[in-house]
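Enquirer: Handing you this structure, nothing more for now.
The values are calculated or read from the model by the stated rules, or taken from the named source; none is laboratory data. All figures in this text were calculated on a predicted structure; none of them were measured in a lab. Counting neighbours? That spans all protein chains shown, and the Cβs are built from the backbone with ideal geometry, glycine included.
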Amino acid sequence: MRGLILTVFLFGGAVAGATEIYRWVDDDGVVHFSDRPVEGAERMKLKDAQTISPPPVRSRSRRAGNDGEEAAAADRYSTLEIVRPGQEEVLWNIEGQLDVTMRLDPRLQSGDRVSLFLDEEPVEMSPRSLQARLTDVGRGVHVLRAEVRDIGGTILIRSQPRTFVVQQTSVLNPNNPANAPIPTPRR
C-alpha cells in the first residue's frame, strides 16, 4: 500500500512538471512512471491540464462605469449597524414607541443622509441623525434596515436587517390580575 501511495505521489509530481510520461512494469509486476524514457517503457499521451479563468473583479459601487471619484464615494463607509433594538430582541409593553440607535463608521459625511425602514416602509427621521424614535409600532415581528445615500441618491452602505418582536400584555387575558373578579362581601 505504501508503494502505491508513493507511486501516485511521484506520478502526480511528474505530471505537474513534465510534458512526456513513460510507463513500464518491472520484473516483480510493479508499475512505474517516469518523465525519462526507460528501455521497454511505453510513452503515455496526457491531456492538457484543465484550467479555469477567474471571474472579473467587480467594483463595490452600484453604478456602472464609475470613475475613481465615484468608486471612492462607494467605499466611504465601512460599517452601518442597527445597535438598538438587539437582533431577535423581544420588547414588552412599549406602548407603540420604539427607540432605534445606529452606528456608522466613519461618521456621516457632508451631503450624505441616513434612511431607516421598518418592515420595508420608510420611516420619517432626521437624515443626519443616527437615532430615531418610532411611533405606532404594533405587536408582532418587525424588521428594521438602514442605509446611507449620497446627494445623488446612490446607496453607499446598507445595514444588515434587524429582526425584533413586540409583545403586549393583553387586558383581555383571563390570567391578568387586573381581570380578577371582585370578591363580594359575605353577610
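Enquirer: Within the stretch 11-68, which residues are modelled with pLDDT under 70, surrounded by 11 or more Cβ atoms within 10 Å (Cβ to Cβ) and more than 30 Å from T154 (Cβ to Cβ)?
Expert: Answer for the stretch 11-68, where residues must be modelled with pLDDT under 70, surrounded by 11 or more Cβ atoms within 10 Å (Cβ to Cβ) and more than 30 Å from T154 (Cβ to Cβ): F11, G13, A14, V15, A18.
Enquirer: Restrict the check to the stretch 151-173 and report whether at least one residue is surrounded by 12 or more Cβ atoms within 10 Å (Cβ to Cβ), in a strand (DSSP E or B) and small (G, A, S).
Expert: No, the stretch 151-173 contains no residue that is surrounded by 12 or more Cβ atoms within 10 Å (Cβ to Cβ), in a strand (DSSP E or B) and small (G, A, S).
Enquirer: Hey, can you tell me all the residues within the stretch 146-161 that are of a type in the set (K, R) and more than 17 Å from the chain's Cα centre (by Cα)? Full working, then the answer.
Expert: First pass over the stretch 146-161, keeping only residues of a type in the set (K, R): 149, 158.
Hit for the stretch 146-161 is R149, nothing else.
Enquirer: For residues that are under 23 Å from the mean Cα position of the chain (by Cα) and of a type in the set (A, V, I, L, M), scanning just the stretch 82-107, find the one that is nearest to G138 (Cα to Cα). First the steps, then the outcome.
Expert: If we filter the stretch 82-107 for residues that are under 23 Å from the mean Cα position of the chain (by Cα), which is where we start, we get 82-89, 100-107.
Now narrow it down to the ones that are of a type in the set (A, V, I, L, M): 82-83, 100, 102, 104.
Values: I82: 19, V83: 20, V100: 15, M102: 21, L104: 27 Å.
The selected residue is V100.
Enquirer: Please go through the stretch 110-150 and give me each residue that is free of Cβ contacts under 8 Å to residues at least 40 places away in the same chain and assigned to a loop (DSSP other than H, G, I, E, B), ordered by number.
Expert: If the condition is that a residue be free of Cβ contacts under 8 Å to residues at least 40 places away in the same chain and assigned to a loop (DSSP other than H, G, I, E, B), then S110, D119, E120, E124, M125, S126, P127, R128, S129, L130, T135, R139 are the ones that fit.
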